[in-house]
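What follows is a structure written as structure tokens; I'll ask about it next.
The values are calculated or read from the model by the stated rules, or taken from the named source; none is laboratory data. All values reported here derive from a predicted model rather than from experimental measurement. Every residue, glycine as well, gets a Cβ built from its backbone with ideal geometry; the counts of neighbours run over all protein chains shown.
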Amino acid sequence: MYEFSYKNVDSVSAAVEAMQAADDGKFLAGGQTMLPTMKHRLASPSDIIDLGGIDELKGISVNAGTVTIGAMTTHGEVAASADVQNAIPALAKLAGNIGDPAVRNRGTIGGSIANNDPAADYPSAVIALGATVKTNQREIAGDDFFTGMFETALAEDEIIVSVSFPVAESAAYMKFENPASRYAIVGVFVAKTGGSVRVAVTGATPCAHRALRIEEALNGELNSAAVDAAEIPVEKMNSDIHASAEYRAHLVKVMAKRAVEACV
């Protein structure tokens, strides 16, 4: 690693002040991406502002049909929460299958969505469930939050405070995972509320996205056979050592059908 200044703060306002005073500062949540990136010298921030001591960014609550999760709540805490398991079981299951125990006990929901790795799991839940991302400055709809590969709508000094997930009538997340990292080669989250079915895909393209073609094919019904009618644009799929674009396009339909069937 290169030399950097470490700031341990205990409030959101102190974190923002530290960031504004830094030449090239970075917020540190669980550190599951930031620290390896720094170790490989792919990033060399002047200041690291650790959010781990900010109690207001932690915790889970359920109120009026909404599950609100603090940004610094770990994947393990989400997975183990009886409130999340009862309200949105698919979200608890998703969190429980992220990485390994070490990652789940350090990684946070806020850090995951702020980093927006193309193969991360949480972004699909944020989009499919129609979540709202609350920051220290505003509220951002899940559909508008993820803007590109490793890019979000966040400003440099903006901090995620919490994520609020509306409780769906039924929801399921299915992914074809990398056997070593458990990152999603393709993951599909399906959520039904009333006469609407929302579908989100992660891992397949440079950024998690709402699968409007599959939603149109489903037409508000949880009928897995209807997914076959959706055309998946191969040219927009990722292609790497793990899977070709063609294979990912095939997996999008397979995972979508499995998620629909799990909802039923």
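Take residues that are of a type in the set (Ser, Thr, Tyr) and crowded, with 18+ Cβ neighbours inside 10 Å and tell me which of the strands (runs of 3 or more DSSP E) falling wholly in the stretch 141-217 contain 2 or more.
It comes to 160-166.
Follow-up. Assess whether His250 counts as being buried (at least 18 other Cβ atoms within 10 Å of the Cβ) and either within 19 Å of Arg182 (Cα to Cα) or modelled with pLDDT of 95 or more (or both).
Here the answer is no, as His250 does not meet what is asked.
Within the stretch 238-253, can one find any residue that is assigned to a helix (DSSP H, G or I) and within 30 Å of Thr73 (Cα to Cα)?
yes
In the list Ala243, Ala208, which residue meets the criterion of being small (Gly, Ala, Ser), outside the structural domain of Asn116 (by TED's automatic domain parsing), touching a Pro at 6+ places or on another chain (Cβ under 6 Å) and at pLDDT 95 or above?
Just a single option satisfies the conditions, and that option is Ala208.
Considering only strands (runs of 3 or more DSSP E) fully contained in the stretch 29-124, which possess at least 2 residues that are out of contact with any helix residue (DSSP H, G or I) (no Cβ under 8 Å at 6 or more places or on another chain), over 23 Å from Glu156 (Cβ atoms) and not assigned by TED's automatic domain parsing to the domain that holds Val252?
66-70
Can you say whether Met19 is in a loop (DSSP other than H, G, I, E, B) and surrounded by 15 or more Cβ atoms within 10 Å (Cβ to Cβ), as far as the supplied structure shows?
Criteria not met by Met19.
Would you check if Ser181 is assigned by TED's automatic domain parsing to the domain that holds Ala259 and touching a Lys or Arg at 6+ places or on another chain (Cβ under 6 Å)?
no
Here's a follow-up. How many residues, within the stretch 72-100, are more than 24 Å from Thr193 (Cα to Cα), at pLDDT 95 or above and out of contact with any strand residue (DSSP E or B) (no Cβ under 8 Å at 6 or more places or on another chain)?
So the count comes out to 3.
Within the set of pairs 6 or more residues apart or between chains, which connect a residue that is more than 17 Å from Ala225 (Cα to Cα) inside the stretch 240-254 to a residue that is surrounded by fewer than 17 Cβ atoms within 10 Å (Cβ to Cβ) with Cβ atoms less than 7 Å apart?
That search, which allows pairs on different chains as well, returns His242/Asn178; Ala245/Val234; Ala245/Ser239; Glu246/Val234.
Name the residue that is nearest to Val188 (Cα to Cα), counting only residues in the stretch 63-94 that are in contact (Cβ under 8 Å) with a residue 24 or more places away in the chain and of a type in the set (Gly, Ala, Ser).
Checked the stretch 63-94; the qualifying residue nearest to Val188 (Cα to Cα) is Ala90.
Among the residues of the stretch 55-85, count how many are acidic (Asp, Glu) and either more than 18 Å from Gly30 (Cα to Cα) or surrounded by 15 or more Cβ atoms within 10 Å (Cβ to Cβ) (or both).
Selection size over the stretch 55-85: 2.
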